[in-house]
Amino acid sequence: MSEIVNVDYSTTIPNNVNLTEDRQVLRALERWHPGYIDWWRTMGPDGFQEALVYLRTAVSVDPKGWAKFDYIKMPQYRWGILLAPQEEDRKIPFGRHYGEPAWQEVPGEYRAMLRRLVVIQGDTEPASVEQQRHLGKTAPSLYDMRNVFQVNVEEGRHLWAMVYILQKYFGRDGREEAEQLLQRRSGDADKPRMLGAFNEATPDWLSFHMFTFFTDRDGKMQLESLAQSGFDPLSRTCRFMLTEEAHHMFVGETGIGRTIQRTCEAMKAAGIEDPSEINKVRDLGVIDLPTIQKKLHLHYSLSLDLFGSEVSTNAANAFNASLKGRFQETKIEDDHKLESSTYPVLKLVDGEIKRVDEPALTAINMRLRDDYTADCQRGLDRWNKIIDRVGVAFRFQLPHVAFHRQIGEFKEVDAAPSGELLDEAAWNSQKEKWLPSKDDGDFIQSLMRQVVEPGKFATWIAPPRVGIDNKPGDFEYVKLAA
Amino acid sequence: MAEAERKLNNGNSRIDFQTDPSKYRHWKLAVDGEVATLLMDVDEKGTLFEGYELKLNSYDLGVDIELADAIERLRFEHPQVKVILLRSGKPRVFCAGANIRMLAGATHAHKVNFCKFTNETRNGIEDASEVSGLFTICVINGTAAGGGYELALATDHIMLVDDGSSAVSLPELPLLAVLPGTGGLTRVTDKRKVRRDRADVFCTTEEGIKGRRAVDWRLVDEVVPSSRLEEAVAKRAREFTARSSRPAAGKGIALTPLKRERSADAVEYSTLSVEFERASRRATITLRGPEAPPPASAEAMVDAGAQFWPLRLVRELDDAILDIRANEFDTAAIIFKSSGDPAQVLAYDQFLEANKKHWLAREIRAFWKRVLKRVDLTSRSLVALVELGSCFAGTLAELVFASDRSYMLIGQRDGDNKPPASLVLAEVNFGAYPMPNGLSRLASRFLADAGALEKANRPIGEMLEAETAENLGLVTFALDDIDWEDEIRVFLEERASFSSDALTGLEANLRFGGPETMESKIFARLSAWQNWIFQRANAVGEEGALKRYGTGQKPAFDTRRV
Ligand SMILES: [Fe+2]
Ligand SMILES: [Fe+2]
């Protein structure tokens, strides 16, 4: 670690928060940084710490500054602290403090609640890096390998962003929490990450693309609602994080899109019309569409759990306290206080799924989740267009929200993807039809072979239409260490 | 606040305190040799009242009735069990404490009774440890909040999983604008001896304290990583097992269902009757002495099991008191009477004294101690009438000393040839049954001259007639036949005319003279502070914290300090 000791943090850390002047935070970050690098080296991409990766680095928040591309070794990546520019006279856009000037300091009465929100968000960032650390070894191309590393370093930067907030605004508790963000480990029995989905393994590239499509999209929704926060520094941080998050979802959506395209093209070329001829399709070295649908079922349902209970006191408190708003809060036309309105929530009433009007405040999670579902559906529509274009008869569908849930209204019941409630026997006999089986996993795993020749791609995935930073198809996105 | 009566579930019209493991909805009791596991796995839908759900292992009175029953059964039915492992059956949560929506919608009277009973249950856990060597180890895997942590505080050893999120907390003040209701504050300072400023931080931090700091601050005894939890629990269980004085082997006795028949104005048990005079707001409990002499041996006592008279009577008395407390709010006074042969009552006391090292005798004595404390803590005027043919001797005489007033008949009554009223003291009256303040009822009675009855001749075993008893200060008034009816009628009518609240406060003040113990502090502070705060608008007003809880809206407080 000796090379770290003399780092000039005020210049090494790209920032627009005037770090040079902020002695206290600078000192806290100096203390935190070695642990972070240690974490990155032990928990970051396994086997690629010395590789030169063509990465974009954000050095400022203006459109020109936040996408500087160059080859870099990941441990030397310049993780910056960048907040969206301060909006002059920003007013709190929702909750009981609606219309008041946005807070530049943490209000004492909300300190604990706010800290919890920041810590939960912060915990997901390093978690996904840990989950994805083995993927480089099975990357289907250098292009894809670069993408996962890009996502990883940016999740690392998101951790920095949250740690900056903790260290700047939450005193000793904040420093302790920042330390613990480096102690927890995805999937660890003793120090697990805070949310369930972030302790699941990401065993293969289809899982990774599903994860970035569905789970990062949950992250996007969370960031969108925190970007509304009355606590201005949090709002500004999240607004900038969203620009990066968009790329993560791009990686997921196009990754699955390219997988679907490759499958459909291979089917066409082999003259297979029926997508359910799974073995024949698999023999072509591509992933059959029904298996992709099963993975979709799994990841969508796990991601829905991340939204928490449909009716939630915590979410209501956070909204009312003007700490966490709704998706695109400022574009919604209502009183932004929700003290007397209702929102329809799907609930289990006497064994039936019914729509029940709940106080809108307590249904904040449900509303965010509905917006999420609509956002997911748009991605599915684009995938279905790919299938249509190639001319295969298949459609991807989101399962019902009651399907395969561990949290919320439907956690005690079993439901088919159609939403039909099932008894235990019916569920057990059919669940392999809907969720990936071990065989499915083994098959996907069998396709996972590293391809490192520039411009070449694994059998199961199509090349992208355009390269990153408009680079040509055979561009060497990653220069592996000798 | 309008107190709309909440409806009991399943069409019930009374809260029933009798249950058994086959009926549990919230607890799983598993006994494995010397170690029992008591798993809290609350059924969300299994509520006592309508209108709320028991999410996250939160509890209502129904859940606590099962817990109390389980502890009782471990004492009597499983004498070989030395350690109870108290655990949660739910992932990531130990227990979220008393259910807040239940509290928010409950009548004040129910809340007070609920808190009282849950406190008695927790004291019972400590009593099992102290008296019987039945230790409880609490294993917290997840969050133990409010009443959940208070439950842990009643155990002998608290283990907390160190996983970065499992925590203990007392969030009542920041979250609900009330105080912990089951002795949390007192046990934090007096039992666990947490430093006062740290306790202040702890009790105002909604999310609580986790990991190493929880140990450093004495809030828990140890933290254990998840992966080593079972091993660590087994090790602790072995240590506590080795310290226990419970018999290595010994067959338990079955706590069979009580014989109980209820009619409109009466409840008939096998050894006592309860009669309600609803117009005059009285309940009379008449206890009946034994019909046969005590068995020849401790083994015969075990064979008699739940039919053994002192055990039968104490279980029935317990049920009768709880029933009145929870279901008969209009009852202003409980009148204790008895009938039987005082010599036989004494014979049973002597039998228990002679066998006091036997586990069952020890448990029965401890049961009486707890039930007599329940009587002490009952917010009804307590009156003992020592009449012809009564048998207030030894253990039963404690009810006379527990009463706010006692009246004893002098001589005979016209046309009644039952034996004259007598009161008989026994060894047990001098320490076997301490009150919550730690003193015997006699010592509490004679605070000015604590030695009065100890000196020279303790009239143990003598049949004391009314005037002697009055002279010794054992009864309030000795009355002859001419005055008897009228004096008592006037007293009871006057009593019923006073403010029920003021009487509750007065009686609680006068009953517990003398020193404080952790137990007496818990109940006193519950009545004084918690019940006061529970009535204030900051908690229960339309904009109060309990009313607003769960809506997302912040409570609006009256900020003036009182
Ligand atoms: Fe992120
Ligand atoms: Fe992301």
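At a glance:
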{"read-out": "Flag for B:PRO515 being more than 30 Å from B:VAL112 (Cα to Cα) and not basic (Lys, Arg)", "value": "no"}
{"read-out": "Members of the stretch A:79-95 that are assigned to a loop (DSSP other than H, G, I, E, B) and either buried (at least 17 other Cβ atoms within 10 Å of the Cβ) or within 21 Å of the chain's Cα centre (by Cα) (or both)", "value": "A:TRP79, A:GLY80, A:LEU82, A:LEU83, A:ALA84, A:ILE92, A:PRO93, A:PHE94, A:GLY95"}
{"read-out": "Pick from the stretch A:159-193, criterion in contact with a strand residue (DSSP E or B) (Cβ under 9 Å, 6 or more places away or on another chain) and of a type in the set (Ser, Thr, Tyr), ranking: surrounded by the fewest Cβ atoms within 10 Å (Cβ to Cβ)", "value": "A:TYR169"}
{"read-out": "Selection status of A:THR215, within 13 Å of ligand 1 (Cβ to nearest atom), more than 30 Å from A:LEU435 (Cα to Cα) and of a type in the set (Val, Ile, Thr)", "value": "no"}
{"read-out": "Any hit, the stretch A:374-392, residues being assigned to a helix (DSSP H, G or I), touching a strand residue (DSSP E or B) at 6+ places or on another chain (Cβ under 6 Å) and open to solvent by 50 Å² or more (accessible area, probe 1.4 Å)", "value": "no"}
{"read-out": "The stretch B:254-274: number of residues that are more than 19 Å from B:LEU492 (Cβ to Cβ) and surrounded by fewer than 18 Cβ atoms within 10 Å (Cβ to Cβ)", "value": "12"}
{"read-out": "Qualifying residue in the stretch A:192-199 (condition: among the basic types (Lys, Arg) and within 17 Å of the chain's Cα centre (by Cα))", "value": "yes"}
{"read-out": "Residues located in the stretch A:106-139, provided they are among the acidic types (Asp, Glu) and within 12 Å of ligand 1 (Cβ to nearest atom)", "value": "A:ASP123, A:GLU125"}
{"read-out": "Residue satisfying all of: in the stretch A:101-122; more than 30 Å from A:ALA197 (Cα to Cα) and open to solvent by 70 Å² or more (accessible area, probe 1.4 Å); nearest to the other protein chains (Cβ to nearest Cβ) among these", "value": "A:GLU109"}
{"read-out": "Verdict on A:THR124 being within 16 Å of ligand 2 (Cβ to nearest atom) and not aromatic (Phe, Trp, Tyr)", "value": "yes"}
{"read-out": "Failed item in (1) open to solvent by 20 Å² or more (accessible area, probe 1.4 Å); (2) within 14 Å of chain A (Cβ to nearest Cβ); (3) over 21 Å from B:THR204 (Cβ atoms), with B:THR143 passing the rest", "value": "(3)"}
{"read-out": "Residues located in the stretch B:184-212, provided they are surrounded by fewer than 16 Cβ atoms within 10 Å (Cβ to Cβ) and within 14 Å of another protein chain (Cβ to nearest Cβ)", "value": "B:VAL201, B:THR204, B:ARG212"}
{"read-out": "Yes/no for A:SER276 being outside any helix (DSSP H, G or I), crowded, with 22+ Cβ neighbours inside 10 Å and polar (S, T, N, Q)", "value": "no"}
{"read-out": "Of all residues in the stretch B:535-552 being in a loop (DSSP other than H, G, I, E, B) and surrounded by fewer than 21 Cβ atoms within 10 Å (Cβ to Cβ), the one that is farthest from the other protein chains (Cβ to nearest Cβ)", "value": "B:GLN535"}
{"read-out": "Any hit, the stretch A:168-177, residues being within 16 Å of ligand 2 (Cβ to nearest atom) and of a type in the set (Lys, Arg)", "value": "no"}
{"read-out": "Any hit, the stretch A:411-422, residues being in a loop (DSSP other than H, G, I, E, B) and surrounded by 20 or more Cβ atoms within 10 Å (Cβ to Cβ)", "value": "yes"}
{"read-out": "Filter result for A:THR254 (out of contact with any Phe, Trp or Tyr (no Cβ under 6 Å at 6 or more places or on another chain), part of a helix (DSSP H, G or I) and within 14 Å of ligand 2 (Cβ to nearest atom))", "value": "no"}
{"read-out": "Restricting the stretch A:196-237 to residues that are more than 16 Å from ligand 2 (Cβ to nearest atom) and open to solvent by 10 Å² or more (accessible area, probe 1.4 Å), the residue that is nearest to the other protein chains (Cβ to nearest Cβ)", "value": "A:GLY196"}
{"read-out": "The lone exception for B:GLU462 - which of (1) touching a Ser or Thr at 6+ places or on another chain (Cβ under 9 Å); (2) in contact (Cβ under 8 Å) with a residue 60 or more places away in the chain; (3) exposed (fewer than 15 other Cβ atoms within 10 Å of the Cβ) it fails", "value": "(2)"}
{"read-out": "Top-ranked residue in the stretch B:146-183 [being among the acidic types (Asp, Glu) and out of contact with any Gly (no Cβ under 8 Å at 6 or more places or on another chain); ranked as nearest to the other protein chains (Cβ to nearest Cβ)]", "value": "B:ASP163"}
{"read-out": "When residues of the stretch B:338-348 are limited to those that are buried (at least 22 other Cβ atoms within 10 Å of the Cβ) and touching a Leu at 6+ places or on another chain (Cβ under 9 Å), the one farthest from B:LEU409 (Cα to Cα)", "value": "B:VAL345"}
{"read-out": "Elements of type helices (runs of 4 or more DSSP H) contained in the stretch B:169-249, each with 1 or more residues being touching a helix residue (DSSP H, G or I) at 6+ places or on another chain (Cβ under 7 Å) and at pLDDT 95 or above", "value": "B:196-203"}
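Residue-by-condition table, conditions (1) farther than 15 Å from A:SER186 by Cα; (2) modelled with pLDDT under 95; (3) not in a helix (DSSP H, G or I):
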position: A:LEU114; (1), (2), (3): yes, no, no
position: A:LEU117; (1), (2), (3): yes, no, no
position: A:PRO126; (1), (2), (3): no, no, no
position: A:GLU130; (1), (2), (3): no, no, no
position: A:PRO140; (1), (2), (3): yes, no, yes
position: A:MET145; (1), (2), (3): yes, no, no
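Condition check ((1) assigned to a helix (DSSP H, G or I); (2) surrounded by fewer than 20 Cβ atoms within 10 Å (Cβ to Cβ)) across all residues:
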residue: B:PHE276; (1), (2): no, yes
residue: B:LEU287; (1), (2): no, no
residue: B:MET301; (1), (2): yes, no
residue: B:ALA306; (1), (2): yes, yes
residue: B:LEU311; (1), (2): yes, no
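The values are calculated or read from the model by the stated rules, or taken from the named source; none is laboratory data. Treat the numbers as computed from the prediction; the structure is a model and nothing was measured. Every residue, glycine among them, receives a Cβ derived from its backbone with ideal geometry; neighbour counts consider all protein chains shown. Each accessible area value is taken on the protein alone, full model and side chains, heavy atoms only, with ligands, DNA and RNA left out. Shrake-Rupley method; radii C 1.70, N 1.55, O 1.52, S 1.80 Å.
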